[in-house]
Each structure stands twice: as C-alpha cells, then as structure tokens.
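Engineer: Take a look at this one; I'll ask things after.
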Amino acid sequence: MITIISATHREESLTAKVADIYSEFLNQLNIENQVFYLKDLPKDFLFTNFYGSSTEPFVEMVNLYFDKVDKFIVVSPEYHGSYPGVFKSLFDCIGGEMVKEKKVALVGVASGRIGNLRGMDHLTALFHHLKAEVYSAKPKISQVHRLLDESGKLNDDETEKVIKSQLKGFLAF
C-alpha cells in the first residue's frame, strides 16, 4: 500500500489535484494506494496529540495512512521557500517510527519557476533524519496552475512523462 500525502491543509489546493493525479496513475497500474489530505486533519491536532497525549480520531487517521503502509509519496507545495509547517507539525505529533525504514518519493509543486526546489531539499533532510529512504527522482512541478485544466486534469505531456517515470522507478525502489 502506498499513501500519497497532499502536504497542505488548504481547501481545493492544486497540490491535492496533483496528489489525485498520482493516485490515478497508480490505479492505472493496479497499485493499491490512498490519498491523505492534510485538510482532513482535526483542527486542533497539534495541541491534542503532542507530548504523549492523543485523541482517538487522530490515532485512527495515523493508523490508516501511516502504520501498515509500505511507501509514501509526498506532494508538497512551496511555502516561503520550504514546505508547509502543518506538514512538519504532523510529524512532530506522530513521531518518526511511522516512517522509519520506509520508502518515500517527493514531488514539489509551485506556481513559480523552480517547483519547490528548496522544499524538496528540506523534506529530504527531514525524512533522512527520521531514517526513511528517499527516492532520488524528485519532480519539481513548476507553473502548476498552467498544467491543470479546470477539472484538475493534467494537460501537459512532458509533465505526465516525468511523473510516470518517477512512479516506475519508485515502484522498483
């Protein structure tokens, strides 16, 4: 099982649409997957699931999306030259054991020109610190708002090739 993480809590984000595209491509390959949208986190998760305390809805969410999963694909937008703080807060709450020795693929998404290049470096450092294995191909999808149509479908052949190439390598990783 692969969990695809839409690493922002923004409603109707382009990041979530890219996560859905990854899920669609995995479905075409008959690879079991699920998408975890950070917008679905409990609103107070940081304050109720920290320093040894936890709530049942949060624990259920962590068990579903992290515990019995083999691999992760993290689709992260650029927030102030890095990745969203809500994503870091999630890992502050769940700890590193849920990703330790698991495999992670990273995807940068941005409306700008470098596709969250720095954020990919920061996420790589985070996952290495948590003892996860990060796949080397990390697409940086820039100008994402121009690559999707109104329904959220990808309309760029080159980006589709890059995504499918990353998935092929990551599945063998």
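FYI, it's all coordinate maths here, none of it is from the lab. Note that the structure is a prediction, hence the values are computed from the model and not measured. Don't worry about glycine lacking a Cβ; one is built from the backbone with ideal geometry, like all the others, and counts go over all protein chains shown.
Engineer: Taking P(r) over Cα pairs in 10 Å bins from 0, in percent as the quantity of interest, determine which of (i) 10, 33, 33, 14, 7, 3, 1, 0; (ii) 10, 32, 33, 19, 5, 0; (iii) 10, 41, 37, 11, 1 was computed from the displayed structure.
Structural biologist: This structure yields the entry labelled (iii).
Engineer: Right, something else. In the Gaussian network model of the chain, springs joining C-alpha atoms below 10 Å, which of Ser82, Ser54, Ser151 carries the largest mean-square fluctuation?
Structural biologist: With Cα springs under 10 Å in the chain, the top fluctuation among Ser82, Ser54, Ser151 is at Ser151.
Engineer: Whose amide H sits under 5 Å from the amide H of Ile141, counting only residues 5 or more places off or on another chain, with H placed in the peptide plane?
Structural biologist: Distant-sequence amide H within range of Ile141: Gly108, Val109, Ala110.
Engineer: Cα axis of helix 157-172 to longest principal axis of the chain: angle in degrees, 0 to 90, nearest 10?
Structural biologist: Result, in degrees: 50.
Engineer: Next question, about the same structure. Using the Karplus equation 6.51 cos²θ - 1.76 cosθ + 1.60 (θ = phi - 60°), what ³J(HN,Hα) coupling, rounded to whole Hz, does each residue of segment 42-48 give in order, writing x for Gly and Pro?
Structural biologist: x, 4, 10, 4, 5, 8, 10
Engineer: Would you mind counting up the charge near Gly115? Only other residues with Cβ under 14 Å from its Cβ, with Lys and Arg at +1 and Asp and Glu at -1. Let's see the in-between values first.
Structural biologist: Details: positive: Arg113, Arg118, Lys138, Lys140, Arg146; negative: Glu78, Asp121, Asp156, Glu158.
Taking every Cβ under 14 Å from that of Gly115, the sum is +1.
Engineer: Next question, about the same structure. For Val74, list long-range residues whose amide hydrogen, built 1.01 Å from N in the peptide plane, is under 5 Å from its own amide hydrogen.
Structural biologist: Ile5, Ala105, Leu106, Val107
Engineer: While we're here: At 222 nm, what helix-only mean residue ellipticity would the chain give, in deg cm²/dmol to the nearest 500, using -39500 (n - 2.57) for each DSSP H run of four or more? All intermediate terms of the calculation are to be shown ahead of the outcome.
Structural biologist: On the way: 7 runs with 69 residues, N = 173.
Estimated from H runs of four or more residues: -11500 deg cm²/dmol.
Engineer: Net charge near Asp157, counting Lys/Arg +1 and Asp/Glu -1 over other residues with Cβ under 14 Å of its Cβ? Please list the in-between numbers first.
Structural biologist: Details: positive: Arg146, Lys153, Lys161, Lys164; negative: Asp149, Asp156, Glu158, Glu160.
Result for the local shell: 0.
Engineer: Mind pulling the angle between the C-alpha long axis of helix 85-94 and the longest principal axis of the chain? Nearest 10 degrees, somewhere in 0 to 90.
Structural biologist: So the inclination is approximately 40 degrees.
Engineer: Give a residue-ordered list of calculated ³J(HN,Hα) values for segment 9-15 (Karplus: 6.51 cos²θ - 1.76 cosθ + 1.60, θ = phi - 60°; whole Hz; x for Gly, Pro).
Structural biologist: Result, rounded to whole Hz: 9, 5, 5, 6, 7, 5, 4.
Engineer: Related question: Could you list which residues have their amide H under 5 Å from that of Val35, counting only those 5 or more apart in sequence or on another chain, with H placed in the peptide plane?
Structural biologist: When sequence neighbours closer than 5 places are left aside, the close amide H contacts are Ile4.
Engineer: For segment 2-172, what does the relative contact order come out to in percent, with C-alpha contacts under 8 Å and a separation of six or more?
Structural biologist: Values: 287 pairs, mean separation 37.5, N = 171.
In percent, rounded to a whole number, it is 22.
Engineer: Under the Karplus relation 6.51 cos²θ - 1.76 cosθ + 1.60, θ = phi - 60°, what is the ordered set of whole-Hz ³J(HN,Hα) values for segment 17-32, x standing for Gly and Pro?
Structural biologist: Once θ is set to phi - 60°, the couplings for segment 17-32 become 5, 5, 4, 5, 5, 4, 4, 4, 5, 5, 4, 4, 8, 6, 9, 5 Hz.
Engineer: Within a Cβ distance under 13 Å of Glu24, other residues only, what is the Lys/Arg minus Asp/Glu net charge? Present the calculation step by step, with values, prior to reporting the outcome.
Structural biologist: Values: positive: Lys17, Lys153, Lys164; negative: Asp20, Glu160.
With Lys, Arg at +1 and Asp, Glu at -1, the net is +1.
Engineer: Would you mind ranking Phe127, Phe173 by Cβ crowding within 10 Å, fewest neighbours first? Please list the in-between numbers first.
Structural biologist: On the way: Phe127 22, Phe173 14.
Least to most surrounded, the residues fall as Phe173, Phe127.
Engineer: Same structure, new question: Need one number: % antiparallel among DSSP beta bridges in segment 2-172, to the nearest 5.
Structural biologist: If we restrict to bridges inside segment 2-172, about 10 percent are antiparallel.
Engineer: Another one. Within a 10 angstrom radius of the beta carbon, how do Val144, Val59, Val107, Val35 rank from fewest other beta carbons to most?
Structural biologist: Values: Val144 24, Val59 13, Val107 29, Val35 19.
Placing the least packed residue first, the sequence is Val59, Val35, Val144, Val107.
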